Structures are given as C-alpha cells and as structure tokens.
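Student: Take this structure, written in structure tokens, and hold onto it; I'll ask about it next.
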C-alpha cells in the first residue's frame, strides 16, 4: 500500500510542470522598475550612496532646483531619516517637499540653494554601525572614522559630483542635527565655508539631553530605546500609564524601568548606567571643550532658544569656548530667540501663553540667517549686516543687536530673605533659615499632571513646559517661594544667573532645584489669562553629591549648612515695573528627572525602595550664611 501511494506521489510531481504550463496567467501590471518622469517639477531629486574612507556608503538625498547653475550646497546630516525630511509631501514643488524639521524654507527656497540631506552611518538608508553622538577618533573611538571625517568625505564628493554647484558648502541643523555641524568644524574640508549649529547637543552630562548637573533626565529613556534599538526607529517604547508620573513611580528607579523594558540591549543605555558621574567618558566628548582647544577657521552662527526644553546648555557653552579665538570679531556669531527647541524654523509669534510682537522665527530666517549664509556661500553676495550677537529681549519683546555676550558686565546678588522675601539688600537678622520636608514618595511634578511623554505630535505640549505657569508648584508645602516687592523700575538681566544656596539636609544626598520667575501683575489688560502668571525665566537642578566634585560623588554631611553653587540657563529678560521677581526652591522635578533617594548610594540608577527616605531641607538666609541668586543685571 505504501509503495502504491509513493508511486502516485512521484507521478503527480512529474506531471505538475505540464499542468502548470496549461494554466493561463495574467502578466503583472507593475513595472520591474518604475522610472518617474517628474514632468513639470521645479527641482530634481537624486539619491546617492556616498563612499566614506573606510568603504561604508552613506545614503544622501540631493535636491537641485530647476535650472540651477553655480548654486551653493546647503547640507544637513541626520539620524532622523533623510527620505522623510525631503518628502514631506509628494509635490512637484520643492517647498512643500521640504516642510518639516531642519528645513528653513525662506533660506532654502528663497536663496536658491541645492539642498543635501544625509543619513549618518548606521541609520535608515546608510551603511555602517550607529553610535549615539559618535565621538571623535581618540580614547572614546579607536576607529579611523567619526562624524568629522564623514562630513569631510561627503563634502569632498559633493563638490566633485554635483555639477550645478559653485563648490561652496554650508552645513546647518537642529539638536542632534546641530551637533553634527559642530563636528564639521574639526579638520574641516576647504569647501566647507560656514556652519550653523542650532540648539546643538554639546555636553550630555552638564546640561543637555541626558543629565543636568548630575540629575538624570529619565523622560528621555524612550528616545534612547527608539533611536538605538533598530536602524529605522521602528521599535517603539510602549506606554503603561497615561501619566508618566505614575509609570516612573511604579518602576522605582530609572535603572529598574530600563531593565523591565529591555533597554540594556542597546549600547548607549549601558554607557549611561556605567557613567553616572562626569568622568572622562563625558568630558572627552563635550563639544565646547573639543572646539575650545582647536583652531577656529570657519564662520559659525550658533543659534540658541531661550526656552529650549532639551538642549539649553549647548550653544552658549560653545560660544563661551570659541569666542575668545575670534580676534577680529568676524567668525563667531550668536543668535538667541524666544523659542522652544527648534522653533526658529517653525512659527515664532507665540510660545505657550506668551505672545510676541511679530513672527520672531521668520525675522530670524529672513533678516539674519539668509544674509549670513549668502555672504559666505553665494558668489558675489554682499556682506551681511548681522551683529555679533542678535538677542531677543523677553519682557520688552524686542530684538537687540549686541557686540558681545553676556550683556551684563558683572552680577548683583538677589537675596533670599526671612519671611520668604526677596531683595537686593543682604539679610541683617530674623530667622536663620526656612525649611520644608522633601518626600520621595510624593515628588514635586515638573509640570501640572498628568505628565505627558516627550513629544511634538498628537497634541503633546512638551515644547512648552519651560514657560508653564509655576503657580502649581508655588502652592505646595515642599516648595519654598521667595517674592520681591512690586517693582517700580525695570530690572534687566543679560547672562547666566548663578544660584548660591546655603542649605542643609537631614539626609545624606539631596537635589536642589532653583527657579527664577517673573510674576505678572494680578490683572493684565488684554490678556486676562496672564494675570498673576508665574513665568520661569531660568531654572535648573543640581545633584548634591557633586557639590565638591562632578567626577567623584560624596555623601553629604547631614544637618550641616553647605554652599551649593551652580549656573542657571542663559537669560535675556526685563522684569517690568508692576511685576515681581520670585525664586522657588525645591528638591525634586519629577518625572523629568529621576528621584534622589536622599540616602547616599553608590549609583542612583540602582537605588532600592528602602533607600528612598524623607528629608528635612533647610535654606539659610542669616548673616554670613546668606543664600542668593547672582543676577547678571545690565546697568
């Protein structure tokens, strides 16, 4: 029986091709390779794979305006998908195709530039391995390639293979794409004529994406997961709670949440876990330190957002590092606008509840960025009338042309006084300190709950949190609130306020959050919602274990008044008559930053539930122990 069945099977196999040959088929209506005509397009799109010196090829999109000849090249290098940035809309016109992140339309379309967008190695269409903020060749990168060499090789290929160009290349970008124009300044190609880093990632530990003065920005964990888990960001972090506050509280520590989500499968997360302090890993990658030690050969325009909710440290830090090299005052330029992260290429007439006189972003693009780029990239273009520093002054809502930054020549102490007062006279008596209880089981929210994830889409308001009304925090018993009298004269500041806290804790570790706030009058004509508004002008966090050394954490001596000194972000603001100045002090900013257990442990990423304990915090304002904010007052 088995033998008969086997014979039947072999017969069927033998005749199957003949049977198939007799079955009619319909030819496919899809061409083997589609060749679009692009009839009527006002630009040509080219996709190329540009070889690097190690043989890796990088996917690059080149958009050439119709009839371009002798046109400059304006390049952005990105980990965020070159195709997506250049195909926002399926249009025969260049402008609609470019609407989106990192595309300043007034510059590109009005300027007649050839637009180049490239996937960095290891991301999307490019070959190679991805490393977050790939370090320069050296102790952190033993290979022969880095973002500097990749930029050099790309520029070299472009000027040799894009016949419509004039052989001049500029590079610009925002955030991660702003870090890459900084890398381009290291051993730059001769054809690279100008660099515009906007809101760049500069020092991930001191005050940009990953830490601020040692406190970990745990709400960026989803970004790390999605950026590194796959080449095309297709693996997505998942939600477990509508309110991020609840998600992070349930996990306990950032390290434990990462373990539960499998985050340790991606390389950069393991580096963060291994380097919670400011050791060589972070120092050797800090772009302000790198560029401060190198020759300055290419004009640079650093663009900074005064309310940058992601990279508020970077641009001013690079400016401080490289401006001293600009001996002729013609190579380093700084622009500061009233924007959130990246808003300089978006609509800029408002930010959250704030309303400005004009579309500040459009003013920047047309009157500052375009003339600046034209000067260095377009043959025969006139010299741009751009000031060394172009700074928007918040409060008065006007642009200022300045010769240098900071605008202030020194600082004036603004004292925390007894009875929760704030003033310019040093305290002469009264209670020695104010106190509050910081409870890790009920950390202070960094904005009104529910705490939504980091994001720009689907109604998320993450870009606005730095201009949130701070009244929510001021009503809590674990937030100290110091307020000045109503101002009769304007107080103008231009620079970095410096917090000088004299404080003690009953624990052995502590975080200190200091916020400098402009309090609006009780009623504001024409803007009812701004009545009594508490606008944060500058604020930041400091992890107490780093009081003596950023590299070597140390337990705090309990119940001993100690000085904590740290810089707040750059501000260019006028506190107007009729307003008040406020300072808030607290010990958590959750869930943006991970909770300090307030018990010293070697690595807070792995703090256990029993380590989190209440602590009594005291802020001193006695003679000889006065807490104050050093304000960069402009006289």
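The values are calculated or read from the model by the stated rules, or taken from the named source; none is laboratory data. What you see is a predicted model; the values in this text were computed from it and never measured. All Cβ positions, even for glycine, are placed from backbone atoms using ideal geometry, and neighbour counts span all protein chains on display.
Student: Considering every residue within region 329-348, establish whether at least one is out of contact with any strand residue (DSSP E or B) (no Cβ under 8 Å at 6 or more places or on another chain), farther than 21 Å from residue 309 by Cβ and in a helix (DSSP H, G or I).
Tutor: There is no residue in region 329-348 that is out of contact with any strand residue (DSSP E or B) (no Cβ under 8 Å at 6 or more places or on another chain), farther than 21 Å from residue 309 by Cβ and in a helix (DSSP H, G or I).
Student: Next up: Could you say which residue among 53, 45 is under 53 Å from the mean Cα position of the chain (by Cα), in a loop (DSSP other than H, G, I, E, B), modelled with pLDDT of 85 or more and surrounded by 10 or more Cβ atoms within 10 Å (Cβ to Cβ)? Give the steps one after another, and end with the answer.
Tutor: On the way: 45 fails: in a loop (DSSP other than H, G, I, E, B).
Result: 53 is the single residue among 53, 45 that is under 53 Å from the mean Cα position of the chain (by Cα), in a loop (DSSP other than H, G, I, E, B), modelled with pLDDT of 85 or more and surrounded by 10 or more Cβ atoms within 10 Å (Cβ to Cβ).
Student: Please pick out the residue among 68, 32, 39 that is in contact (Cβ under 8 Å) with a residue 60 or more places away in the chain, more than 22 Å from residue 173 (Cα to Cα) and not in a strand (DSSP E or B). It would help to see each step written out before you state the result.
Tutor: On the way: 32 fails: in contact (Cβ under 8 Å) with a residue 60 or more places away in the chain; 39 fails: in contact (Cβ under 8 Å) with a residue 60 or more places away in the chain.
On inspection, the qualifying residue turns out to be 68.
Student: Please go through (1) out of contact with any strand residue (DSSP E or B) (no Cβ under 7 Å at 6 or more places or on another chain); (2) free of Cβ contacts under 8 Å to residues at least 40 places away in the same chain; (3) assigned to a loop (DSSP other than H, G, I, E, B) for residue 103 and return the number of the only condition it doesn't satisfy.
Tutor: All conditions are met except number (2).
Student: Can you go through 234, 175 and tell me which one is surrounded by fewer than 24 Cβ atoms within 10 Å (Cβ to Cβ) and either closer than 25 Å to residue 78 by Cβ or more than 14 Å from the chain's Cα centre (by Cα) (or both)? Even if it seems obvious, please write down each step before you answer.
Tutor: On the way: 175 fails: surrounded by fewer than 24 Cβ atoms within 10 Å (Cβ to Cβ).
The match here is 234.
Student: Restricting the first residue to region 133-162 and requiring it to be over 25 Å from residue 272 (Cα atoms) and not assigned by TED's automatic domain parsing to the domain that holds residue 181, which pairs with a second residue that is surrounded by 18 or more Cβ atoms within 10 Å (Cβ to Cβ) and modelled with pLDDT of 95 or more meet a Cβ separation below 6 Å and a spacing of at least six or different chains?
Tutor: Between residues of region 133-162 that are over 25 Å from residue 272 (Cα atoms) and not assigned by TED's automatic domain parsing to the domain that holds residue 181 and residues that are surrounded by 18 or more Cβ atoms within 10 Å (Cβ to Cβ) and modelled with pLDDT of 95 or more, there is no close pair.
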